[in-house]
Amino acid sequence: MAIERLLKDEATEEKGERARMASFVGAMAIADLVKTTLGPKGMDKILQSTGRGRSVNVTNDGASILKALHIDNPAAKVLVDISKVQDDEVGDGTTSVVVLAGELLREAEKLVATKIHPMTIISGYRLAAECARSALLQKVTDNKEDAEKFNSDLMKIAMTTLSSKILSQDKEHFAKLAVDAVMRLKGSTNLESIQIIKKPGGSLRDSFLDEGFILDKKIGIGQPKRIENAKILVANTAMDTDKVKIYGARVRVDSMSKVAEIETAEKEKMKEKVQKIIAHGINCFINRQLIYNFPEELFADAGVLAIEHADFDGIERLALVTGGEIASTFDNPETVKLGHCKLIEEIMIGEDKLIHFSGVEMGQACTIVLRGASFHVLDEAERSLHDALCVLSQTVVDSRVLLGGGWPEMVMAKEVDELARKTPGKKSHAIEAFSRALQSIPTTIADNAGLDSADLISQLRAEHQKEGSRAGIDVISGTVGDMERLGISEAFKVKQAVLLSATEAAEMILRVDEIITCAPRKREDRM
């Protein structure tokens, strides 16, 4: 007797070997996709959307590439997620984490083929990850106490992060911008108060850091162009003429004079609102919505600078920076918190006029103005800078630093290898595989630079047998170099996050033995 089907007609299930194969293949394909973007000589990818306008993105940020992909394979989605989390958590290492997870699965696939149970592999990976983490912990340096050394650590980390991005040509300039901006935050990891404005024109080198806050708006006609000791009211309220706003309302009048009366009443209402706003004792009013000509005139007469249609990010950040709150009703002036700054003036950047607020309440605020040849360049520059800012703000909190350039991976691989030799049983194969997967990161860095990776990695391994070796891959000269002398550093937090996230993701995919795909929902015929 045939067994009745358990699932609906179009649902599919894959079991055992096939399910495992599907997840391995999907995850490795994703890892191979972003592999070429790793390292200082990594290449960029063009992402073209199929939507209206066919927008084009040029990027080599692992998380941005993976976010843009629409993927069917469930295991590949796990890797996309860890890369997103890595981006949100520490900002850098988004490609490394995917490459490492992909390599761990590639090694696991070979082990599964030799009839080692996935659970054995997982417990081996766990031991190896713990061993690798403790190996890193023994090698970290922490210069938090020595301000000068710590500053140079931050510069090195910023330069290392930027060297794989579009900003690598001017990395010293941008590393300095990023370090200055992060040092202003005084240990906070809230990057909201660092605003990045993109203005096409000029070259990337013309980018600069401004100490105040810049709002991308023009000052209206007939209004003061410069205000000292400004008291700012930030609002989100309708300042168009207050028409009768009842949906579908009709007003019937029997003469034109009645229409004039209605208009006068509307004007009076508006005038009253403006009077209430001016009564707060302000000299600058910034609104999220439009301000029509009549209220603008009234503000200009009162000598108040009125700025309309400031985008939402703009006013949220402005409120945060000037120490004010966003208001929408104006009946009780005493409850409204005003923002303050020393000077508001109009400045020119390239062809555009912008409004500059200097001497703001929150001294940690600053604006980075990026200049560049086109919007694509600027978008990629912003992503790169954002990565650097994230890593630096995390490093200010957790100031442990490692060398870069494949050095940490080789240190971990050496320790893990020793652990594999001491461990009895089948686990030792998994631990050995973990060590090989770790070496794949320096291998990929060398491959992307067009170097002979097999030769370089064997040299590196030999170097690392010496005590206190600082050898890593010097991509520029194509040899094994001293990372400390070259000033290539990375944040410990980034490396730790890469190691742990990749191991957990690989574990999760290894545990899979069945994939069930639901039947698609049918549209009911309503005819």
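Here are the numbers for this structure:
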| quantity | calculated |
| --- | --- |
| Sole residue being touching a residue at least 40 places away in the same chain (Cβ under 8 Å) and outside any helix (DSSP H, G or I), chosen from Ile473, Ile441 | Ile473 |
| Residues (in a helix (DSSP H, G or I), open to solvent by less than 70 Å² (accessible area, probe 1.4 Å) and either in contact with an Asp or Glu (Cβ under 7 Å, 6 or more places away or on another chain) or more than 17 Å from Ser168 (Cα to Cα) (or both)) located in region 33-65 | Leu33, Val34, Lys35, Ala63, Ser64, Ile65 |
| The listed residue being in contact with a His (Cβ under 8 Å, 6 or more places away or on another chain) and of a type in the set (A, V, I, L, M, F, W, C), out of Ile166, Ile122, Ile116 | Ile116 |
| Answer from Leu354, Leu338, Leu298 - the residue that is closer than 20 Å to Ile227 by Cα, in contact with a Gly (Cβ under 8 Å, 6 or more places away or on another chain) and surrounded by 14 or more Cβ atoms within 10 Å (Cβ to Cβ) | Leu338 |
| Residue that is farthest from the chain's Cα centre (by Cα) [pool: residues in region 369-389 that are crowded, with 23+ Cβ neighbours inside 10 Å and over 25 Å from Ala449 (Cβ atoms)] | Gly372 |
| Residue list for region 248-263, restricted to those being assigned to a loop (DSSP other than H, G, I, E, B) and not β-branched (Val, Ile, Thr) | Gly248, Ala249, Arg250, Arg252, Asp254, Ser255 |
| Region 264-315 - residue that is outside any loop (DSSP other than H, G, I, E, B) and β-branched (Val, Ile, Thr) and, of those, farthest from Leu215 (Cα to Cα) | Thr264 |
| Tabulated pairs, region 266-292, first without any contact (Cβ under 8 Å) to a residue 40 or more places away in the chain, second assigned to a helix (DSSP H, G or I) and surrounded by 17 or more Cβ atoms within 10 Å (Cβ to Cβ), C-beta under 7 angstrom, 6+ apart or interchain | Met270/Pro295; Lys271/Leu298; Val274/Pro295; Val274/Leu298; Val274/Phe299 |
| Residue count, region 138-177 (criterion: touching a Phe, Trp or Tyr at 6+ places or on another chain (Cβ under 8 Å) and open to solvent by 20 Å² or more (accessible area, probe 1.4 Å)) | 3 |
| Which listed residue, of Ile515, Ile509, is part of a helix (DSSP H, G or I), open to solvent by less than 80 Å² (accessible area, probe 1.4 Å) and farther than 24 Å from Lys144 by Cα | Ile509 |
| Selection count where residues are small (Gly, Ala, Ser) and open to solvent by 10 Å² or more (accessible area, probe 1.4 Å), scope region 400-419 | 1 |
| Qualifying residue in region 421-431 (condition: of a type in the set (A, V, I, L, M), surrounded by fewer than 20 Cβ atoms within 10 Å (Cβ to Cβ) and either modelled with pLDDT under 90 or not in a loop (DSSP other than H, G, I, E, B) (or both)) | no |
| Which numbered condition Ile457 fails, given (1) open to solvent by 30 Å² or more (accessible area, probe 1.4 Å); (2) at pLDDT 90 or above | (1) |
| Scan of region 66-110 for residues that are surrounded by fewer than 20 Cβ atoms within 10 Å (Cβ to Cβ), of a type in the set (A, V, I, L, M) and in contact (Cβ under 8 Å) with a residue 60 or more places away in the chain, ordered by number | Val85 |
| Residue, most open to solvent (accessible area, probe 1.4 Å), within region 467-501, restricted to residues that are within 19 Å of Leu438 (Cβ to Cβ) and basic (Lys, Arg) | Arg470 |
| The lone exception for Asn283 - which of (1) touching a strand residue (DSSP E or B) at 6+ places or on another chain (Cβ under 7 Å); (2) open to solvent by 50 Å² or more (accessible area, probe 1.4 Å) it fails | (2) |
| Test: residue in region 30-50 that is at pLDDT 85 or above, aliphatic (A, V, I, L, M) and farther than 27 Å from Gly472 by Cβ | yes |
| Every pair of residues 6+ apart whose Cβ atoms lie under 8 Å, when the first sits in region 317-343 and is touching a residue at least 12 places away in the same chain (Cβ under 8 Å) and of a type in the set (Phe, Trp, Tyr) while the second is in a helix (DSSP H, G or I) and loosely packed, with under 15 Cβ neighbours inside 10 Å | Phe330/Lys276 |
| So Phe312, is it within 26 Å of the chain's Cα centre (by Cα), surrounded by fewer than 16 Cβ atoms within 10 Å (Cβ to Cβ) and modelled with pLDDT under 85 | yes |
| Residue count, region 293-316 (criterion: free of Cβ contacts under 8 Å to residues at least 12 places away in the same chain and aromatic (Phe, Trp, Tyr)) | 0 |
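The values are calculated or read from the model by the stated rules, or taken from the named source; none is laboratory data. Please read all numbers here as calculations on a predicted model, not as lab measurements. All Cβ positions, even for glycine, are placed from backbone atoms using ideal geometry, and neighbour counts span all protein chains on display. SASA here: full protein model, heavy atoms, side chains in, ligands and nucleic acids out. Shrake-Rupley method; radii C 1.70, N 1.55, O 1.52, S 1.80 Å.
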